[in-house]
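Novice: Mind looking over this structure? Questions follow.
The values are calculated or read from the model by the stated rules, or taken from the named source; none is laboratory data. Keep in mind the model is a prediction, meaning the values are calculated, not measured. FYI the Cβ positions are ideal-geometry reconstructions off the backbone, even for glycines, and counts take in every protein chain you see. With ligands, DNA and RNA removed, areas are computed over all heavy atoms of the protein, side chains included. Shrake-Rupley method; radii C 1.70, N 1.55, O 1.52, S 1.80 Å.
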Amino acid sequence: MTTAAPPEPAQERVTLSTNAAGHAVPSAWARARGRMSLQDPFIGWTASISVALLALFLRLWHLGKPHQFEFDETYYAKDAWSLLNHGYVRGYTENANDHILDGKVTGQWTDGPSMIVHPEVGKWLIALGEKAFGMDPFGWRIAAAVVGALMVLVMCRFARRVTGSTALGIVAGLLLSFDGLQFVLSRLALLDIFLAFFVLCGVHCVVADRDWHRAKMARLVPAQVEDSAAWGPVRGLLFRPWLLAAGLCFGLAIGTKWTAMYPLAAFGLLVWLWSAGARRSFGVRSAMLRSAVVDGVPAFVHLVLVAFVVYVVSWTGWLVHADKYEESLSSTQYTKFTGSGHCEGDSFVSENPDEDARWPTATEPDASGPGEVVQSLRSLWYYHRDLYAFHSHFLNCSTHTYASKPSGWLLLNRPVGVAADVDIKPGTQGCNAPQGSDCLRQVLLLGNPTIWWAGIVAVAFALVMWVGARDWRFGVAVVGVASTWLPWLLYDDRPIFSFYAVLTLPFVVLALVLAMGKLIGPSTAPSRRRTFGVIVSGTFFLLALLNFAWFWPVYTNQLLTHSEWLDRIWFTRWI
């Protein structure tokens with residue numbers, strides 16, 4: 001087990017070595033093979049699975065409490081049940097929440113369809129838990145707990161692949177597991193944990209493709225490329241299995257929330273740059289332009305087109321029941337979401353008084369056969385126009401107590417309270433507060449300060465290493481943070497929430513473990529640098545663990561006196 005892999009520059013000089021067939025090949029072949037080989041598969045997998053099981057245990061602990069709909073669970077849990085039992089999302093009665101919590105599920109949904117403002121993949125996963133365990137808090141949260149633990153497993157393997165160190169991979173998984181955003185979202189029926197999981201899987205596959213592509217290219221080159229007009233290997237590289245897997249993952253991510261399109265675009269460009277760099281290392285001139293053709297086009301098919309197909313297929317339930325939406329285009333189906341946030345002068349396509357702007361499919365005769373599929377796809381397109389209007393205009397006039405500016409998310413500027421039971425009097429419900437005080441329970445979506453605040457420094461260091469040292473591994477962290485966080489700055493005039501940054505968290509963690517690897521160094525021999533690095537890294541990890549333990553009560557709805565609660569609310573903006 002190594003502590004950290006030596007830096008691998010983005011631009012490698014080409015030198016000759018010999019492959020298994022006795023041909024002279026660039027030394028990049030050896031480096032790529034070394035990165036793809038698993039030196040300790042048993043230890044690596046056993047340790048990673050152990051960390052994931054620990055994460056699962058923590059997330060399953062009292063998962064059904066509090067016995068209530070927390071935050072937007074009121075939408076997603078009921079929408080998931082409707083998908084499961086009706087095939088599409090129906091509206092629900094006024095007192096549906098109270099009846100469901102009392103165990104009465106039947107009769108809580110209306111006959112008409114309800115507008116859903118996010119795609120359906122995450123809600124189908126929530127529905128799987130409800131199918132297995134019933135329509136109660138445990139049932140609608142179990143899918144998030146399982147996916148949250150799987151995300152920890154993927155983080156271990158992802159960090160191990162990037163750093164070349166099993167130890168750093170395990171540290172990355174533990175840091176992710178001990179963060180409050182990831183932990184609490186793994187215990188809620190919200191969509192963001194599914195989104196973060198699929199995006200992390202997609203990026204992991206993209207990084208795996210980088211290793212596969214360079215190794216495959218090296219194997220296809222019998223000798224160093226000397227012809228300046230050469231394109232480098234083409235046949236054998238048109239089909240890229242890891243990119244295909246990445247396209248599937250990104251399709252599922254976009255099928256959960258549209259924000260996954262940003263990292264898809266960013267890492268798609270990175271695939272092209274990496275491919276061009278690989279061709280340049282094998283002697284291909286004008287590699288950027290040549291790679292855009294021989295690598296860029298296949299990569300676009302594997303990533304973008306596959307993701308698009310997966311996304312459309314994820315709407316199958318909606319497409320099958322598109323006639324329900326075509327029959328019910330009154331504005332009442334939208335009032336659940338618009339309310340006071342309806343901006344004057346804005347309207348959905350389906351509400352527009354101009355008949356030419358309404359869904360044409362609503363007045364067309366029902367088609368049959370292939371024509372029905374085309375008609376349903378057209379309705380889905382008009383529905384997406386309504387969804388875009390909702391996200392880009394309707395929310396601009398609304399407010400929310402826990403809304404926050406994305407510019408301060410990495411600083412943990414405004415956590416989100418998803419559940420609270422306040423004013424618990426002394427002597428009731430186990431409250432032992434002194435007279436004149438009280439107790440409370442709260443679930444707070446708050447990141448681990450040690451991880452996030454140190455992560456800001458680590459991301460800045462990663463940018464320096466990527467640009468200055470041209471170390472591609474730090475570029476993964478920088479591009480991940482930039483593509484999942486910076487786009488939100490465009491939408492800071494509408495209510496958005498800090499827990500959206502859970503999508504950024506894996507790349508913050510990656511920046512942290514890469515910095516640890518630099519501190520410790522690649523050598524396992526005793527040295528002052530290694531000792532210093534281990535002490536600093538170990539101290540940081542211990543502080544992160546202690547922070548997680550300190551905030552555990554407000555992550556898990558534990559009973560606290562008012563004084564104990566204030567000890568954990570470090571800033572007035574956290575209230």
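Novice: Restricting attention to the stretch 102-118, and to residues there that are β-branched (Val, Ile, Thr) and farther than 17 Å from VAL320 by Cβ, which single residue is surrounded by the fewest Cβ atoms within 10 Å (Cβ to Cβ)?
Specialist: Ranking the candidates gives THR106 first.
Novice: Restricting to the stretch 239-253, and then to whatever is farther than 12 Å from VAL206 by Cβ and surrounded by 24 or more Cβ atoms within 10 Å (Cβ to Cβ), can you tell me which residue is farthest from the chain's Cα centre (by Cα)?
Specialist: In this case the residue turns out to be GLY251.
Novice: Let me ask something additional. What tally of residues in the stretch 540-575 results from selecting those that are buried (at least 20 other Cβ atoms within 10 Å of the Cβ) and among the small types (Gly, Ala, Ser)?
Specialist: Looking only at that region, the number is 1.
Novice: Quickly run through the stretch 273-303 and pick out the residues that are more than 15 Å from LEU237 (Cα to Cα) and among the charged types (D, E, K, R).
Specialist: ARG280, ARG285
Novice: Another question, if that's okay. Quick one: in the stretch 169-191, which of the residues that are assigned to a helix (DSSP H, G or I) and open to solvent by 10 Å² or more (accessible area, probe 1.4 Å) is nearest to CYS156 (Cα to Cα)?
Specialist: That would be ILE170.
Novice: Here's a follow-up. Can you tell me how many residues within the stretch 495-533 are assigned to a helix (DSSP H, G or I), open to solvent by 50 Å² or more (accessible area, probe 1.4 Å) and under 26 Å from VAL207 (Cβ atoms)?
Specialist: Here the count works out to 2.
Novice: Related question: Quick one: which residue in VAL476, VAL467, VAL481, VAL443 is open to solvent by 30 Å² or more (accessible area, probe 1.4 Å) and not aromatic (Phe, Trp, Tyr)?
Specialist: That would be VAL467, the only listed residue that is open to solvent by 30 Å² or more (accessible area, probe 1.4 Å) and not aromatic (Phe, Trp, Tyr).
Novice: Would you be able to tell me the number of residues in the stretch 348-386 that are in a helix (DSSP H, G or I), at pLDDT below 70 and of a type in the set (S, T, N, Q)?
Specialist: 1
Novice: Answer with yes or no whether VAL312 is at pLDDT 50 or above and open to solvent by less than 70 Å² (accessible area, probe 1.4 Å).
Specialist: Yes, satisfied.
Novice: Looking only at the stretch 265-295, count how many residues are in a helix (DSSP H, G or I), open to solvent by 20 Å² or more (accessible area, probe 1.4 Å), under 24 Å from ASP471 (Cβ atoms) and in contact (Cβ under 8 Å) with a residue 24 or more places away in the chain.
Specialist: Result for the stretch 265-295: 6.
Novice: May I pose another question? Can you tell me which residue among ALA419, ALA454 is of a type in the set (Gly, Ala, Ser) and within 21 Å of ILE496 (Cβ to Cβ)?
Specialist: On inspection, the qualifying residue turns out to be ALA419.
Novice: If you take the residues of the stretch 406-433 that are free of Cβ contacts under 8 Å to residues at least 60 places away in the same chain and in a loop (DSSP other than H, G, I, E, B), which of them is surrounded by the most Cβ atoms within 10 Å (Cβ to Cβ)?
Specialist: PRO426
Novice: A further question follows. Mind checking which residues of the stretch 119-151 are open to solvent by 30 Å² or more (accessible area, probe 1.4 Å) and not in a helix (DSSP H, G or I)?
Specialist: ASP136
Novice: Sticking with this structure for a sec: Can you list residue pairs whose Cβ atoms sit under 6 Å apart, with the first residue in the stretch 447-460 being touching a residue at least 40 places away in the same chain (Cβ under 8 Å) and the second being among the small types (Gly, Ala, Ser) and crowded, with 24+ Cβ neighbours inside 10 Å? Count only pairs 6 or more apart in sequence or on different chains.
Specialist: GLY447/GLY180; ASN448/GLY180; ALA458/ALA511; ALA458/ALA515; VAL459/ALA511
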